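Notes follow the structure.
The values are calculated or read from the model by the stated rules, or taken from the named source; none is laboratory data. This one's a predicted model, so the numbers in the text were calculated from it and none came from an experiment. Glycine gets a Cβ as well: all are built from the backbone with ideal geometry, and neighbour counts include every protein chain shown.
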Amino acid sequence: MTPGIKPLIAGNWKMNGFRNSLKELQAMGEGYDLVMRNRLDMLLCMPATLIYTAALSAVGSHVQIGAQDCHMNAVGAHTGDISAMMVADCGGSAVIVGHSERRTDHGESNETVLSKAEAALRNELMTIVCIGETEDQRKSGETLKVLEDQLSNSVPNDFGEGKLVVAYEPVWAIGTGMVPTVEQIAEVHNFIRDHLVGRFGDSGQAIRLLYGGSVKPSNAVELMAIANVDGALVGGASLKADDFLGICAAYGTLED
Ligand code: PGA
């Protein structure tokens, strides 16, 4: 946790979910609105097919709906892509850029991720820029060097208050059940905070830093208590309301 920062728990449904899965979203919204909305922000990043319906179903609740990627251009001949403007048009208020699955599956470079982040911010979307090292990079002691490169080259210079979020997601922890130690996460999050403060001063101090990679209800309290961890980016455990609300409940435990 960082004093003065409202935590964010963001779900990433990846390529999962059909219209009938929105009942889970509804249950998440009900649980969130009932007891949690003063403590944290909740965001669900849906597959593109569900953004509009999810945004409609979230009207009246305080849950935010977002996308998992966007193109750097507003419109044009880019078959299969969606733009940040389209996300906003569908009622989305946020987007993830640079997730390691996009960097790997679609060969996205830091420069591509930067352009996408800039496009998202131009459209006033909350923009979650993901960074993280592979297992090989960690084993060869390159973690901080890789993260420095990703931070310097994929995090934009201009962003509005509260609009930029950085998510640290070690690639080897995503969907594997493996989680770095508390010390490893603390080291990286302090490193990211120092980079952002060195670059942006007070605005860098206010940027939310999420941890992502095998976050579950059973480890959320331990992970969310780490200094400079201001929430989580959750994949698998964001698909079911019980799991996702279980992770959010960590903040009740931390405050009580
Ligand atoms: P996971 O995914 O929670 O399933 O490990 C995290 C992510 O990719 O954001």
Selection from the stretch 81-99 of residues that are under 30 Å from GLN137 (Cβ atoms) and over 12 Å from the mean Cα position of the chain (by Cα)
ASP81, ALA84
Selected residue (criterion: nearest to ALA120 (Cα to Cα)) from residues of the stretch 158-172 that are among the acidic types (Asp, Glu) and touching a Ser or Thr at 6+ places or on another chain (Cβ under 9 Å)
GLU161
Name the residues in the stretch 104-132 that are of a type in the set (Gly, Ala, Ser), within 24 Å of ILE207 (Cβ to Cβ) and surrounded by fewer than 20 Cβ atoms within 10 Å (Cβ to Cβ), would you?
SER109, SER115
Single match in ASP81, ASP33, ASP69 (criterion: away from the ligand (no atom under 16 Å from the Cβ) and modelled with pLDDT of 95 or more):
ASP81
Any hit, the stretch 49-63, residues being among the hydroxyl-bearing types (Ser, Thr, Tyr), within 14 Å of the chain's Cα centre (by Cα) and closer than 17 Å to ALA10 by Cβ
no
Qualifying position, being free of Cβ contacts under 8 Å to residues at least 24 places away in the same chain, out of contact with any Lys or Arg (no Cβ under 8 Å at 6 or more places or on another chain) and part of a loop (DSSP other than H, G, I, E, B), among GLY141, GLY160
GLY141
Taking the condition of being touching a Cys at 6+ places or on another chain (Cβ under 8 Å) and hydrophobic (A, V, I, L, M, F, W, C), how many residues in the stretch 1-49 meet it?
6
All positions within the stretch 200-214 that are within 16 Å of the ligand (Cβ to nearest atom) and either of a type outside the set (A, V, I, L, M) or closer than 16 Å to SER100 by Cα (or both)
ARG208, LEU210, TYR211, GLY212, GLY213, SER214
Within the stretch 65-111, how many residues turn out to be within 15 Å of TRP13 (Cα to Cα) and not in a loop (DSSP other than H, G, I, E, B)?
10
Please go through the stretch 133-176 and pick out each residue that is within 16 Å of the ligand (Cβ to nearest atom) and exposed (fewer than 14 other Cβ atoms within 10 Å of the Cβ).
GLU135, GLY175, THR176
Just to be sure I understand, how many residues within the stretch 74-88 are aliphatic (A, V, I, L, M) and more than 17 Å from LEU125 (Cα to Cα)?
1
Can you name the residue in the stretch 163-182 that is part of a loop (DSSP other than H, G, I, E, B) and under 14 Å from the mean Cα position of the chain (by Cα) and is also farthest from LYS145 (Cα to Cα) among such residues?
LYS163
How many residues are within 16 Å of the ligand (Cβ to nearest atom) and either assigned to a helix (DSSP H, G or I) or at positive phi (or both) if we restrict to the stretch 222-254?
16
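Residues are listed down the side, and each one gets a yes or a no for (1) farther than 26 Å from LEU254 by Cα; (2) surrounded by 14 or more Cβ atoms within 10 Å (Cβ to Cβ):
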{"position": "SER21", "(1), (2)": "yes, yes"}
{"position": "GLY29", "(1), (2)": "no, yes"}
{"position": "MET46", "(1), (2)": "yes, yes"}
{"position": "ALA55", "(1), (2)": "yes, yes"}
{"position": "HIS62", "(1), (2)": "no, no"}
{"position": "VAL75", "(1), (2)": "yes, no"}
